[in-house]
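Throughout, read-outs are computed from the coordinates displayed, never taken from laboratory work. Fair warning: this is a prediction, and the values are worked out from it, not measured in the lab. Using ideal geometry, Cβ is built from the backbone for each residue, glycine included, and neighbour counts are taken over all protein chains shown.
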Amino acid sequence: MELSTVTRLEVFGLMLYLSCESDTEFWDKMQAEWEELARRNWLTENEQAQIPSSVSPHEKAWQVLGTTQAENENEQAAIVSLQRCLELHPNNLQALMALAVSLTNTGMRQDACEVLLCWLRHNSKYNHLLKDKSHLAGSPGCQRRMSRVSTVGRYESSLLPEVKELFLEAAQHNRDTDPDLQTGLGVLFNISAEFNKAVEAFNAALSVRPEDYLLWNRLGATLANGDRSEEAVEAYTRALELQPGFIRSRYNLGISCINLGAHREAASNFLTALSLQRKSRSRQLSHQVMSGNIWAALRIALSMMDQPELFQAANIGDLDLLMKAFNLDM
């Protein structure tokens, strides 16, 4: 049975963002979720094709849950799920790369570099580069489950220069462009704020995978980070053409619209993102789990439109009123 992203999230119940009485209760509930997913084989044909056949059903469930959460602007939930996936299969390269991206998005730079180092270590094409790097052999990042408490801005990555050099060396030895390696380079250049180099890396990856909406979104975010908002809008628009329900890209597009002074367009994008999030959850829990980041960005856009009644509606979370005011389908 093929499910849309929205339906699949309803199946999971989004318990990662709900409070639990204890860690044991949290993991027991999550275990029940992915066991149900594995039992009923609720993965789309496209997802089945993207995940190696050697990956177990339970591992697939955690991987799909993690990547889906990230796409839907639930980064901390994505991190927890991807870490659980890697506990079952530490050398899952796709999960490692997805985790590195999510950690970077939450400001956990050192952890992101450790995970990218693990990606190299477990990749048979590149692990020879670590042969003479004994001081990097014991990096703990891919073995432990990191705290769910964010460490945003805790310190600059001490691993960054060495990991970046390893990725650059791997790229130099490649005859053909490896889009995954280029994605890792793009992440590392974002961490070091070398945004033009990151743009080059993501463009290289897109030359091999031009229909990859995640890459288009990462390119857009990198362009935006480098104060190239107009180009970022083009990249986000392409991502949304490929994946119309991509909440993260819709949110990012709204941020770029704010930067360009297009406040009504920004608010419209944020409202569309919130509506998509609400549709992906049960109605009873919708207010609890819709992204606080998107609501905050929406309030900024509305404050710049000088419409206090709409700003007040956003303050109290009245999504229905706001959708009507912008003539958007609910």
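Tabulated data for the structure shown
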{"read-out": "Using θ = phi - 60° and Karplus 6.51 cos²θ - 1.76 cosθ + 1.60, couplings along the stretch 81-89 (whole Hz; Gly, Pro as x)", "value": "5, 5, 5, 5, 4, 6, 5, 7, 8"}
{"read-out": "Under 12 Å, Cβ to Cβ, from residue 73 - net charge with Lys/Arg +1 and Asp/Glu -1", "value": "0"}
{"read-out": "Protection proxy ranking, peptides 121-131, 205-215, average beta carbon neighbours within 10 Å, highest first", "value": "205-215, 121-131"}
{"read-out": "Rounded to whole Hz, the Karplus (6.51, -1.76, 1.60) HN-Hα couplings of the stretch 165-174, x for glycine and proline", "value": "4, 5, 5, 5, 5, 4, 5, 5, 8, 7"}
{"read-out": "Among 192, 246, 258 - extreme Cα towards positive end, dipole of the stretch 185-261, charges at beta-carbon", "value": "246"}
{"read-out": "Rounded if a/c under 1.5, otherwise prolate or oblate - the stretch 54-128, Cα gyration tensor axes", "value": "oblate"}
{"read-out": "Net charge contributed by nearby residues that have their C-beta within less than 12 Å of residue 183 (K/R +1, D/E -1)", "value": "-1"}
{"read-out": "q = 0.08, 0.14 Å⁻¹: log10 I(q)/I(0) that the Debye formula gives for the stretch 163-313, counting C-alpha atoms only", "value": "-0.27, -0.73"}
{"read-out": "J(HN,Hα) series, the stretch 255-270, from Karplus relation 6.51 cos²θ - 1.76 cosθ + 1.60, nearest Hz, glycine and proline x", "value": "4, 5, 4, 4, 4, 8, x, 8, 6, 5, 5, 4, 4, 4, 5, 5"}
{"read-out": "Computed FRET value (nearest 0.05) for residue 169 with residue 325, which takes r as the C-beta separation and R₀ as 51 Å", "value": "0.40"}
{"read-out": "Among the listed pairs 60/324; 60/164; 131/197; 125/279; 60/197, those beyond 31 Å (Cα-Cα)", "value": "60/324; 125/279; 60/197"}
{"read-out": "Cut-off 13 Å between beta-carbons: net charge of the residues surrounding residue 270, Lys and Arg +1, Asp and Glu -1", "value": "+3"}
